[in-house]
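Working notes, beginning with the structure itself.
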Amino acid sequence: MTSSLPLVFSVTSGKGGVGKTNISVNLALALTKMGKRVVILDADLGLANVDVILGLAPKLNLFHLFAEGMTLEKILCDTPYGFRILPAASGVSDMVNLNTGQKLDLLEAMDYLEGGIDHLIVDTGAGINDNVLYFNIAASERLVVLTTEPTSLTDAYALIKVLKLKHGVDRFRVLVNMARDEKGAKEIFTKLYKACDHFLSGVSLDFVGFIPQDAAVRKAVIAQTPFTHLTPDCPASLAIGRAATKITGWKVTAKADGNIKFFWKKLLFQEQSVA
Ligand SMILES: Nc1ncnc2c1ncn2[C@@H]1O[C@H](COP(=O)(O)OP(=O)(O)OP(=O)(O)O)[C@@H](O)[C@H]1O
Ligand SMILES: [Mg+2]
């Protein structure tokens, strides 16, 4: 059975190259296999991202909504794995600068998704820029990906700090990628937890788990196939399965005008610069 309330969560990080896109794509596949209807919003604007990992070339993006006769259904790009991709393909500031009529059209188009999906996974870019912040503020959950490298820890902390201190975002989920083992993953999580606890009061961090360093991931990237599809029994795939199971347990709160619309409203009607 699928839940009737869609959950919008971002997959984000301070540092680039920590595995966000691989995690987004493979979580999407794992959740699809659990019977969920999933769309990935490729919000890593301007950079080839989800499409490259899947070996696809979506022709349309969200901005084509304003072209005549275009619908969200047409823009959503099917994948061979059951989930779909929604390419954002332009800066958030372009979206924020849409006129009110266009924003309302975009919101109306989202009705199509409201009853039709269970998860909208937002694969953000890296760093602390408007694009990354906007999507994280608008999402109802944030999955912060970090690795055991010290720079990834400091960059994740910096992202959480800006989101908390400037925007009041205080709930984060943490997934440690490319870890040697659970002990190593928990050590890095504890460091992040202690820093947040010490310097940012009121931040809640939830350890979702870890994905081990696994040669199968790189092989799958080269094959442009999700690793959970190519090697479903490799350690990274099994770990993705465990993380996906946890995600299905996240409590989804109903928003008055729909959860997907709530996300887009927050995104489109934010102030110009948030950084
Ligand atoms: N668990 C893992 N084990 C081994 N290698 C991994 C793992 N996760 C990711 N990688 C490697 O890291 C590379 C970068 O991953 P990915 O593109 O998903 O990162 P990203 O955070 O989306 O990067 P960007 O910030 O550029 O969008 C992959 O191509 C892969 O080779
Ligand atoms: Mg990426």
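The values are calculated or read from the model by the stated rules, or taken from the named source; none is laboratory data. Computed from a prediction, not measured in an experiment: that's the story for all the values here. All Cβ positions, even for glycine, are placed from backbone atoms using ideal geometry, and neighbour counts span all protein chains on display.
Regarding segment 243-262, can at least one residue be identified that is over 30 Å from GLY115 (Cβ atoms) and either without any contact (Cβ under 8 Å) to a residue 60 or more places away in the chain or buried (at least 20 other Cβ atoms within 10 Å of the Cβ) (or both)? Don't jump to the end; show me each part of the working.
Taking segment 243-262 and keeping what is over 30 Å from GLY115 (Cβ atoms), we get none.
There is no residue in segment 243-262 that is over 30 Å from GLY115 (Cβ atoms) and either without any contact (Cβ under 8 Å) to a residue 60 or more places away in the chain or buried (at least 20 other Cβ atoms within 10 Å of the Cβ) (or both).
Is there a residue being closer than 24 Å to ILE211 by Cβ, part of a helix (DSSP H, G or I) and without any contact (Cβ under 8 Å) to a residue 60 or more places away in the chain anywhere in segment 44-57?
Here is the first cut: in segment 44-57, the residues closer than 24 Å to ILE211 by Cβ are 44, 47-56.
Applying the additional criterion that residues be part of a helix (DSSP H, G or I) yields 50-54.
The next check asks that each one be without any contact (Cβ under 8 Å) to a residue 60 or more places away in the chain; those that pass are 51.
Within segment 44-57, one or more residues are closer than 24 Å to ILE211 by Cβ, part of a helix (DSSP H, G or I) and without any contact (Cβ under 8 Å) to a residue 60 or more places away in the chain.
If you check VAL169, VAL122, which single one turns out to be of a type in the set (A, V, I, L, M, F, W, C) and assigned to a strand (DSSP E or B)?
On the way: VAL169 fails: assigned to a strand (DSSP E or B).
Residue meeting the stated conditions: VAL122.
Looking at segment 10-36, I want the residues that are closer than 14 Å to ARG173 by Cβ and have a partner that is at pLDDT below 95 and of a type in the set (Phe, Trp, Tyr) with Cβ atoms under 7 Å, at least 6 apart or on another chain. Which pairs are those?
Close Cβ pairs (under 7 Å, with a partner that is at pLDDT below 95 and of a type in the set (Phe, Trp, Tyr)) amount to SER10/PHE135.
Go through segment 148-181 and report how many residues are touching a strand residue (DSSP E or B) at 6+ places or on another chain (Cβ under 6 Å), of a type outside the set (A, V, I, L, M) and within 15 Å of ligand 1 (Cβ to nearest atom).
3
When you scan segment 96-112, do you find a residue that is more than 20 Å from PHE135 (Cα to Cα), more than 16 Å from ligand 2 (Cβ to nearest atom) and basic (Lys, Arg), even just one?
No, segment 96-112 contains no residue that is more than 20 Å from PHE135 (Cα to Cα), more than 16 Å from ligand 2 (Cβ to nearest atom) and basic (Lys, Arg).
For LYS59, work out the one condition from (1) surrounded by 24 or more Cβ atoms within 10 Å (Cβ to Cβ); (2) over 24 Å from THR245 (Cβ atoms) it doesn't fulfil.
The one condition LYS59 does not meet is (1).
Select, from VAL39, VAL132, VAL145, the only residue that is part of a strand (DSSP E or B), within 14 Å of ligand 1 (Cβ to nearest atom) and of a type in the set (A, V, I, L, M).
On the way: VAL39 fails: within 14 Å of ligand 1 (Cβ to nearest atom); VAL132 fails: part of a strand (DSSP E or B).
The unique qualifying residue is VAL145.
I'd like to check something: does segment 131-138 contain any residue that is buried (at least 19 other Cβ atoms within 10 Å of the Cβ), among the hydroxyl-bearing types (Ser, Thr, Tyr), under 30 Å from LYS33 (Cβ atoms) and in contact (Cβ under 8 Å) with a residue 40 or more places away in the chain?
no
Would you check if GLY241 is within 20 Å of ILE40 (Cβ to Cβ) and either assigned to a loop (DSSP other than H, G, I, E, B) or at pLDDT 95 or above (or both)?
Details: within 20 Å of ILE40 (Cβ to Cβ): yes; either assigned to a loop (DSSP other than H, G, I, E, B) or at pLDDT 95 or above (or both): yes.
Yes: the conditions hold for GLY241.
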